[in-house]
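Reading through the structure tokens given below for one structure.
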Amino acid sequence: MSSVVGMARTLIVGYGNPLRSDDGFGWHAAQRLSACRPDSDVEVIARQQLTPDLAETASHFQLVIFIDAARDLSPGEVRCERIAAGGNPRPAETSGFSHFLTPASLLAWTAELYADLPEAYYISVGGESFAEGETISPTVQTAFEPVMAQVRALIIQK
Amino acid sequence: MSDVSEKTTKTILIDPVTRIEGHSKITLHLDEQGRVEDARFHVTQFRGFEKFCEGRPFYEMPSLMARICGICPVSHLIASAKACDQLLAVRIPPTAEKLRRIFGLAQVLQSHALSFFHLSSPDLVLGMDGDPSKQHLFGVAEKNPEIARHGIRLRQFGQQIIERLGGKRIHPAWIVPGGVSEPLTQVNRDAILAGIPETLKIVEHTLDWFKSVREKFREEITTFGNFPSLFMAITKPDGGLTFYDGGVTIVDAAGDVVASNLDAAHYPEYIGEKVESWSYLKSAYYKPKGYAEGIYRVGPLARMNIANHCGTQRADQELAEFHELQRTAVLSSFHFHFARLIEAMYCVERLEQLLTDPEILSKHVRSFARPNCVEGVGACEAPRGTLFHHYKINEHGLIQWVNLVIATGHNNLAMNRSILQVAKHFVVAERLTPGMLNRVEAVIRTYDPCLSCSTHAAGEMALQVQLIGPQGEVLDEVRRP
């Protein structure tokens, strides 16, 4: 895992629980990206969940890409959205325990607390199984290449 | 609470699988006149670590035990490794002990930051009667962004130390029986030291800010767990503050020493554990006084009441101020907040002392041995209080029996009494109000209970408050997701 923070332009945060099968897609994607970073101008972080300290970390970058698993997509389907920071936090985010945070809310903190709003994207991949397990379903594994390509495209575009 | 049944196919069905991330509920019991006459804090989750570790090799215990908690895994690592050190009958290298202390201090720092800034600062910044929809860290960020920034940075600093030493922030396995697995590198040492000045300023600023708002909470100071009790902590032989090693000291409400330098390994001789039918959290008590007269408190409030010095300059100045709050022991649980901040100051100062120790980069950080004893007890001060791990193994090194006495259990009786005190003072009608609910929660928060051990799936810490009439009927119920 890369540790924070230098003058790199791009931050990639892959997150999810690697002990919950496809939920760990983002975490595994970050591991792969760490092993073959497009260039040294990129920092990669693998996390089990988003936490408030990442708001400070994100303030040091021009581009932030989040990678996560999703339940509302077909297994292996990839979606890439530009993140608009702000809006009201979802109820689970205000439970006081900081175990649930969306990329949008995280970046809203970045803007509010650190007066900085990087360009940001949220790449999500449909999961098939979220049961206990350390492997990614075969169908979902096919999404690794498209996700890597998407990340490369976003970095080049920036 | 789940019904558990076993099918003939040996499939174990747990139904429902509740999201047990810190789930608890509070019941308030009213008399015929509608006044609160009893209150209970129910912990409805069941973990079972003491049972499912049986049969495992002892050397797996630190890593297994770290999974108990996502917030204070390092304390479990330390207590577990110390118990395993006893099983090996080894003396760990001096540098390994110092590195374990650094690891522990970093964890106390990040945990205290979580408690003060993330969980309790909404009460302090927005007020106990603040808009419930804003009563969270997002609301703090709107009202006082500097406090929010400081909370994030302080916790980040502690977690980054843990990550630098242990390889990851949560559940690192760097502490092992006999020492630690890897020495500290100069790069990591220097990087941590570079963050000390900024962190000291943050803690100093937070202490000043807290003292500036404290008087607004005079009524809470008077009613938040403000009662006589014993206090317990591990201290150095000279009565100084420590989180790693020492004897167990107990003082009474007057601040007089009841027992000192007790051997942690002999805790069953002076600590009893009672199980109540309405909670999975055991209630610990001081045996010589019996249940429940032997009520005591642990954690920052107890440590500050017991310690006669911290051993670092700025923390000692704050400790002197703390002791001026009351001629006896400081009794109100509201002062957990102040005590927690003093400890945060101590952690930062002590980290600097340890990191500049000439031996800290030594490569000799682990002792090796086979099991030489069949029983071991490890104890340390976790962020929330004294922690005991007690293991028995067989001749093959397999775990036969485990007992864990965790800080929140030590505080269980005190938390229940605190809820009752707050409810009696603030609940004046049959109808619950948001301000009343928040105060009942807030007094629990002062103890920083660790109900939320290591399960992260739902990410919601639910709290349920029930108002129960004299016939046992539920008059009102409020749930906070």
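Per-structure values
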item: Pick from the range A:10-56, criterion basic (Lys, Arg) and modelled with pLDDT of 90 or more, ranking: surrounded by the fewest Cβ atoms within 10 Å (Cβ to Cβ); result: A:ARG32
item: Some residue of the range B:189-204 being modelled with pLDDT of 95 or more, outside any helix (DSSP H, G or I) and either under 21 Å from the mean Cα position of the chain (by Cα) or among the small types (Gly, Ala, Ser) (or both); result: yes
item: Qualifying residue in the range B:177-197 (condition: touching a His at 6+ places or on another chain (Cβ under 7 Å) and not aliphatic (A, V, I, L, M)); result: no
item: Matching residues in the range B:382-392 - criterion: being more than 10 Å from B:ALA79 (Cα to Cα) and surrounded by fewer than 24 Cβ atoms within 10 Å (Cβ to Cβ); result: B:LYS392
item: Some residue of the range B:170-179 being over 24 Å from the mean Cα position of the chain (by Cα) and touching a residue at least 60 places away in the same chain (Cβ under 8 Å); result: yes
item: Long-range neighbours under 8 Å by Cβ, at least six apart or interchain, first residue away from chain B (no Cβ under 11 Å) and part of a loop (DSSP other than H, G, I, E, B) within the range A:45-63, second of a type in the set (Asp, Glu) and crowded, with 21+ Cβ neighbours inside 10 Å; result: A:PHE61/A:GLU43
item: Residue check, B:GLY151 facing chain A (nearest Cβ under 10 Å), crowded, with 24+ Cβ neighbours inside 10 Å and of a type in the set (Gly, Ala, Ser); result: yes
item: Index of the failed condition, B:VAL203 passing every other in (1) surrounded by fewer than 23 Cβ atoms within 10 Å (Cβ to Cβ); (2) of a type in the set (A, V, I, L, M, F, W, C); (3) more than 8 Å from every other protein chain (Cβ to nearest Cβ); result: (1)
item: In the range B:292-302, the residues that are surrounded by fewer than 22 Cβ atoms within 10 Å (Cβ to Cβ) and within 22 Å of the chain's Cα centre (by Cα); result: B:ALA292, B:GLY294
item: Residue tally, condition polar (S, T, N, Q) and without any contact (Cβ under 8 Å) to a residue 12 or more places away in the chain, over the range B:347-371; result: 0
item: Residue match in the range B:117-125 (condition: buried (at least 20 other Cβ atoms within 10 Å of the Cβ), more than 11 Å from every other protein chain (Cβ to nearest Cβ) and closer than 21 Å to A:THR110 by Cα); result: yes
item: Subset of the range A:116-158 (residues that are in a strand (DSSP E or B), farther than 19 Å from A:SER74 by Cβ and under 18 Å from the mean Cα position of the chain (by Cα)); result: A:GLU119, A:ALA120, A:TYR121
item: Helices (runs of 4 or more DSSP H) wholly inside the range B:19-111 containing at least 3 residues that are over 22 Å from the mean Cα position of the chain (by Cα); result: B:73-88
item: Residues located in the range B:219-264, provided they are part of a strand (DSSP E or B) and among the hydroxyl-bearing types (Ser, Thr, Tyr); result: B:THR235, B:THR249, B:SER260
item: Which numbered condition B:ALA148 misses (of (1) in contact (Cβ under 8 Å) with a residue 60 or more places away in the chain; (2) not in a loop (DSSP other than H, G, I, E, B)); result: (1)
item: Some residue of the range B:458-465 being away from chain A (no Cβ under 14 Å) and either in a loop (DSSP other than H, G, I, E, B) or modelled with pLDDT under 90 (or both); result: yes
item: Candidates B:GLU182, B:GLU142, filtered to the one that is closer than 21 Å to A:LEU50 by Cα and either surrounded by fewer than 21 Cβ atoms within 10 Å (Cβ to Cβ) or away from chain A (no Cβ under 12 Å) (or both); result: B:GLU142
item: Which listed residue, of B:PHE426, B:PHE368, is closer than 26 Å to B:ARG445 by Cα, hydrophobic (A, V, I, L, M, F, W, C) and more than 26 Å from the chain's Cα centre (by Cα); result: B:PHE426
item: Residue pairs meeting the criteria (Cβ under 7 Å; at least 6 apart or on separate chains; first free of Cβ contacts under 8 Å to residues at least 40 places away in the same chain, in the range B:272-294; second surrounded by fewer than 17 Cβ atoms within 10 Å (Cβ to Cβ) and assigned to a strand (DSSP E or B)); result: B:TYR291/B:LYS274
item: Where A:SER74 falls short, out of the listed (1) within 14 Å of another protein chain (Cβ to nearest Cβ); (2) modelled with pLDDT of 90 or more; result: (1)
item: The lone exception for B:LYS168 - which of (1) part of a helix (DSSP H, G or I); (2) charged (D, E, K, R); (3) closer than 25 Å to A:ASN17 by Cβ it fails; result: (1)
item: B:LEU105 being within 14 Å of chain A (Cβ to nearest Cβ) and farther than 30 Å from B:GLY435 by Cβ; result: no
item: Residues satisfying the stated conditions in the range B:126-136, i.e. under 20 Å from B:LYS216 (Cα atoms) and either facing chain A (nearest Cβ under 10 Å) or of a type in the set (A, V, I, L, M) (or both); result: B:LEU126, B:MET128, B:PRO132, B:LYS134, B:GLN135, B:HIS136
item: Candidates B:ARG314, B:ARG340 - the one that is basic (Lys, Arg), modelled with pLDDT of 95 or more and under 28 Å from B:LYS25 (Cα atoms); result: B:ARG340
item: Any hit, the range A:131-139, residues being over 16 Å from A:PRO18 (Cα atoms) and surrounded by 16 or more Cβ atoms within 10 Å (Cβ to Cβ); result: yes
item: Scan of the range B:402-439 for residues that are farther than 19 Å from B:ALA284 by Cα and hydrophobic (A, V, I, L, M, F, W, C), ordered by number; result: B:VAL422, B:ALA423, B:PHE426, B:VAL427, B:VAL428, B:ALA429, B:LEU432, B:MET436, B:LEU437
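The values are calculated or read from the model by the stated rules, or taken from the named source; none is laboratory data. All values derive from a computational prediction rather than experimental measurement. Every residue, glycine as well, gets a Cβ built from its backbone with ideal geometry; the counts of neighbours run over all protein chains shown.
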